[in-house]
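See below for the structure under consideration.
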Amino acid sequence: SPTALFFSRTVDGAALAALGVMLLLGCAARFVDVRRPALVTWGGLALATALTAGAGAYGLLLGLLLAIGGSLWLWREQADWVASLLRPVWKSGLATTAVGVLALGTGLGLNPAGLLATGQQLVVFAARFSAPASPAGPSPLLLLLAYEPLILLAGLAGLALAIRRQDGLGILCIFWTLAGLAQWFLLPGREPADLLWALLPLALLSGLAAQELLHSLRQHGHLANEGLHLPISLVLWAHCGLSLTRYQQTGDQTNLFLASLTVALQFFLTAAFGFAVSTPEPEEEPGQAVARGVATALRAGGASLALVLLAVTFSTGWRLTHQRAADPRELLVREPTAIEVRALVQTIEHVSMLNGGTPSHIPVVLTEPDNPVLAWYLRQFDLHGAERMDDPARLVVTTAGQTPPADYLSATFALRRAWHPTWDRREAVRWWLYRKTTVPPTTIEQVVLWLHPTLATSDRP
């Protein structure tokens, strides 16, 4: 999942909260089968991990509790069985959770104040329901289409399988997904990481579809059937991608029509393939032959689409986390730090080397010491507030627009950028393929580096 991968690389608790909730669900599902007491212990520790990870964990847990309530309402006759299952173990589970929260919240006793911060996370989460509305961001459906097409389509297929089979865990994930989406729309102070509230159960539903596809291919797949369909289908998908590339370059509607025609041909090819293999065999009823042909067509089309979407998902995750993690044109990125801040740090290090012999020798004056971005990137330097600007042997970093110190040399660096999309068909195709747009991101915050003339050297670059 590109989304989960992206938030696992950020300095917050979104990934740890997801890990704790998924371990809790896994231990609970396994405990139903084997009734092993050790699973209660591991489940309590998993819940403690989620509760100490951050306020976002309560969104996952609230969605899970609502899903459990919906499932018990659907299967009301199972409520007594669930109660009898929990009655012997709930006390030990709560005790393990309490010990885990105490250990993790205090850093194994090294930071007792962390326990208070852990308890405040529930208040922080509840306050988000009454917080002022955050700036309008992309809808969760747009985010899923842009970053999670594989999980979205496979999850819809898993939803149909769960309903058809009356699968307990699948029905639970359906309620969980709906609860996560409802929280997203009802929460005024939502954040991009809140997409995980619906994405995790949707990923579990997609696992049902993946399991069904792989099991069917192993039991009934043949190289002469699905193996023949796959390369032809992949060639058509490649032609579709080339047509879209040509369309975003030239704007010629013919290329867009060819891409749409290729998608239609995929459905026709899959249907024709299923019809071709549905010829009744000896002693086979016509209905059985038709069912076999439909199943073969679904396997062939599903395998082809899954491979293409898997490649798209891998490419999207690689670009999001490695190539454009600071590009505001990525919908999951909100006003990221511009890469020019690295040039700011390198410039200060260069001046420090010229004047002191070490990269972090020279002191730096920050006129806004509370700026978290500057405080983080300049953490290796000796930082001072604006009250020390009277010392000429220091560098000064100010926000753009402030009055410069007298006789200082200056250089301006972008600190934050934002992007406001203007969608049309060609622009959407260009963005989806390359994350490039005709309207570039705009700089919303700049900083200025002021250098005293005594620190500058004219004989060195």
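The values are calculated or read from the model by the stated rules, or taken from the named source; none is laboratory data. This one's a predicted model, so the numbers in the text were calculated from it and none came from an experiment. For neighbour counting, all protein chains shown are included, and Cβ atoms are generated from backbone atoms with ideal geometry for every residue, glycine included. Only protein heavy atoms, including side chains, enter the accessible area calculation; ligands, DNA and RNA are left aside. Shrake-Rupley method; radii C 1.70, N 1.55, O 1.52, S 1.80 Å.
Before moving on, here are some points about what is shown:
- When the convex hull of its Cα atoms is viewed from all sides, the chain shows a mean projected area of 31.1 nm².
- Å² per residue, accessible surface of the chain at 1.4 Å: 54
- Accessible area of the chain belonging to carbon and sulfur atoms, whole % at 1.4 Å probe: 66
- Highest average first, the peptides 376-382, 292-298, 434-440 ordered by how many other beta carbon atoms sit within 10 Å of their residues are 292-298, 376-382, 434-440.
- Every helix of 4 or more DSSP H residues in the chain counts as -39500 (n - 2.57), and over all residues that averages to -20500 deg cm²/dmol at 222 nm.
- DSSP loop GluC sites (Glu not before Pro) with at most 15 other Cβ within 10 Å: longest gap in the chain: 1-282
- Our note on the geometry: Cα centres of the stretch 290-355 and the stretch 29-88, 34 Å apart.
- Long hydrophobic helices in the chain: the complete DSSP H runs spanning 18 Å or more by Cα along their own axis with mean Kyte-Doolittle hydropathy of at least 1.0 are 14-34, 37-51, 56-74, 90-105, 113-127, 149-165, 168-186, 253-276.
- Area accessible to solvent at Leu47, 1.4 Å probe radius, in Å²: 40
- Exposure ranking of Arg164, Arg190, Arg246 by accessible area [1.4 Å probe, largest first]: Arg164, Arg246, Arg190
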